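> One structure, pasted below without further comment.
We did not get these values from a lab; they are worked out from the coordinates using the rules stated. Predicted, not measured: the structure shown is a model, and the values here were computed from it. In this analysis, Cβ positions are derived from the backbone assuming ideal geometry, glycine residues included, and neighbour counts consider all displayed protein chains.
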Amino acid sequence: METEINVLIVDDHKLIAEAWSSILENAAGIKVVGTADNATSAYNFCIEHKPNIVLMDINLKESNGFDATEMIHNDLAKTRVIGLSLHDDITFVKKFLSKGAKGYLTKNTTKSELIEAIQKVHAGEVYIANEIKDRYFNSLLDVDNSESKKELTLKEIDIVKLIATGLTSKEIGDKLFISPRTVETHRHNILKKLNIPNAAQLSSWAKDKGYL
């Protein structure tokens with residue numbers, strides 16, 4: 001009989017962790033062996049129990065999924081991490097995979113896709129969510145299309161978040177240790193890249209993307 005795939009779920013919202021557990025409860029060949037709500041407890045659980053798969057929420061409140069993933073990847077070669085995130089921005093996908101993750105799913109994923117991702121990553125494959133897979137691989141090939149042009153850098157994402165909270169260019173510059181003029185340049189480039197006319201609509205866009 002084939003060994004079950006042991007899964008750890010990491011999410012700082014208990015209700016969400018319970019929902020993921022419930023989804024996988026009756027999945028053949030998959031067993032949820034624990035949950036964790038921060039990077040430290042996730043890492044310690046992995047050291048002690050060595051699960052096959054970790055479903056990692058990227059946006060942990062007291063830490064972040066990037067650091068936790070890197071720690072697990074560095075110290076537990078046989079434990080593979082799949083990211084779960086509201087973000088569908090390819091910059092996030094690339095950064096997360098660079099930390100050693102082997103999969104990336106958005107929280108729009110279906111039960112069948114979640115199970116497929118777990119199975120394929122456990123088998124040694126890399127799995128990218130169907131809804132962003134084409135954009136991800138196009139970005140690796142440097143394909144010139146309208147979607148790839150819309151990708152923001154990590155610095156631009158930081159600035160978008162601060163703009164959306166209502167901060168002025170000077171206040172943003174003080175937080176990021178750059179000049180107000182540099183902030184204005186970034187603001188102009190962001191609006192042009194996203195084809196958004198003003199900061200108010202940029203704030204709405206940021207909320208839709210899960211940046212706030």
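> Please arrange Ile47, Ile128 by counting, for each residue, the other beta carbons lying within 10 Å of its beta carbon, fewest first.
Ranking Ile47, Ile128 by Cβ neighbours within 10 Å, fewest first, gives Ile47, Ile128.
> Report, in whole Å, the centroid distance computed from the Cα atoms of the stretch 160-196 and the stretch 61-120.
Going from one Cα centre to the other spans 29 Å.
> Counting pairs of alpha carbon atoms under 8 Å apart in space and at least six apart in sequence, what relative contact order in percent does the chain give?
14
> Now for a separate question. Would you please give the residues with an amide H less than 5 Å from that of Arg80, counting only those at least 5 places away or on a separate chain, with H modeled from the backbone geometry?
Those lying under 5 Å, H to H, from Arg80 are Ile53, Val54.
> Quick one: which of 158-168, 63-73 comes out on top by average Cβ neighbours within 10 Å, and what's the full order, highest first?
My ranking of the peptides, most packed first, is 63-73, 158-168.
> Now, a different point. Test of understanding: ordering Glu156, Glu48 by Cβ neighbours within 10 Å, fewest first, what list do you get?
Fewest-to-most ranking of Glu156, Glu48: Glu48, Glu156.
> Amide H to amide H under 5 Å from Asn59: which residues, 5+ apart in sequence or cross-chain, H placed 1.01 Å off N in plane?
Amide H neighbours of Asn59, under 5 Å, 5+ apart: Gly65.
> Consider the candidate values [x] 22; [y] 9; [z] 53; state which one is percent of Cα pairs over 33 Å apart computed from the structure displayed.
Of the labelled values, this structure produces [x].
> Check cross-link reach from Lys175 to the lysines: straight Cα distance under 29 Å, and skip same-chain residues fewer than eight apart.
By straight Cα distance, Lys175 reaches Lys61, Lys94, Lys95, Lys99, Lys149, Lys150, Lys155, Lys161, Lys192, Lys193, Lys207, Lys209.
> Applying 1/(1 + (r/R0)^6) with R0 = 30 Å to the Cβ-Cβ distance of Lys31 and Lys207, what FRET efficiency is obtained, to the nearest 0.05?
With R0 = 30 Å, the Cβ-Cβ based efficiency is 0.25.
> Okay, moving on. Counting other beta carbons within 10 Å of each Cβ, put His122, His13 in order, fewest first.
Arranged by neighbour count, lowest to highest, His122, His13 become His13, His122.
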